[in-house]
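Working notes, beginning with the structure itself.
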Amino acid sequence: MLPARQSLKRLRLLPLLPSSALPLPGACCLTASSPLRFASGGREQKTRSARAAASPAPSKPAAPPLTEDDDGSGGGGARYGKDFPSQLARQVDYCKREFSKVRGATATPEMLDGVLVTAYGDTQPLKDVAQVSQRGPLLLVVSPFDSALLEPVAEAIRGAELGLNPQAEGSLLRVPVPRASKETREAAAKLVAAIAEQAKTRVRRVRAAEMGRLKELTGVSEDDVKRDTKRAEDAVAAAVATITKLAAEKKIAVEKE
């Protein structure tokens, strides 16, 4: 054993360790093969991991609700089917077209719209091969575009079951229209009513298809569907009202003596 004086002298010769190399309070025991780990640091890392797991993942922002006039396609307007308005308009046009073919108290060029002429090896509407004009309350004049079609046009008018007998006059045809009898006027009024009812039936079919389409919409709020359903119902009601008005006007015209 070294004397106490020599031991103290040897201790003075030992290099002082820097404070950074001293073990920190609360540190675990270290070995030469162990990585540097701190007990307090481990607890803090676990706490951060637990907080990250508990916090919900950020969600995507919800899509903005549809505005009052938005149809979901970037533009305004009701969510009509793309053919819905045009289908309603076609039924009104059908009514006008068919009404024009029903004779009233006076002669009209539309009376001959249904006449088909055999020309150039084919069957064509009269309006495609001739011009029809009104020269008086009970007289029509037909001018074929080709004078060679004068007789085929006359035969087509006679065979159309309209009770008309065209008369050739140069390069045109004069078509006298007899005054309508009471029986003829009554039959015409019934025909007008039948055409109007047929048009309304078509409108109801268009409505049924549109109502079914609106019920199957997805990603749309119930309020939006109700609003668009009311818009569709209003459009249908307007079409029916127009047909009713046209029928009433035509009925007055055909019943007039």
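The values are calculated or read from the model by the stated rules, or taken from the named source; none is laboratory data. Since we're looking at a predicted model, the values are computed, not measured. All Cβ positions, glycine included, derive from the backbone under ideal geometry; neighbour counts span all protein chains shown.
Note on segment 147-159: residues that are among the hydrophobic types (A, V, I, L, M, F, W, C) and over 14 Å from Lys127 (Cα atoms) amount to 1.
For segment 240-251, check the following and say yes or no: at least one residue is more than 16 Å from Ser100 (Cβ to Cβ), surrounded by fewer than 16 Cβ atoms within 10 Å (Cβ to Cβ) and at pLDDT below 90. No: zero hits. In the set (1) surrounded by 15 or more Cβ atoms within 10 Å (Cβ to Cβ); (2) assigned by TED's automatic domain parsing to the domain that holds Leu246; (3) free of Cβ contacts under 8 Å to residues at least 24 places away in the same chain, Asp113 fails one condition alone, (2).
Quick check on Lys226: is it exposed (fewer than 13 other Cβ atoms within 10 Å of the Cβ) and either of a type outside the set (Gly, Ala, Ser) or not in a helix (DSSP H, G or I) (or both)? Yes: the conditions hold for Lys226. Given the criteria touching a Pro at 6+ places or on another chain (Cβ under 8 Å), assigned by TED's automatic domain parsing to the domain that holds Asp113 and hydroxyl-bearing (Ser, Thr, Tyr), does Ser143 qualify? No; evaluated as a whole, the condition is false for this residue. Take the conditions (1) at pLDDT below 90; (2) within 30 Å of Leu246 (Cβ to Cβ); Leu217 misses just one of them, which is (2).
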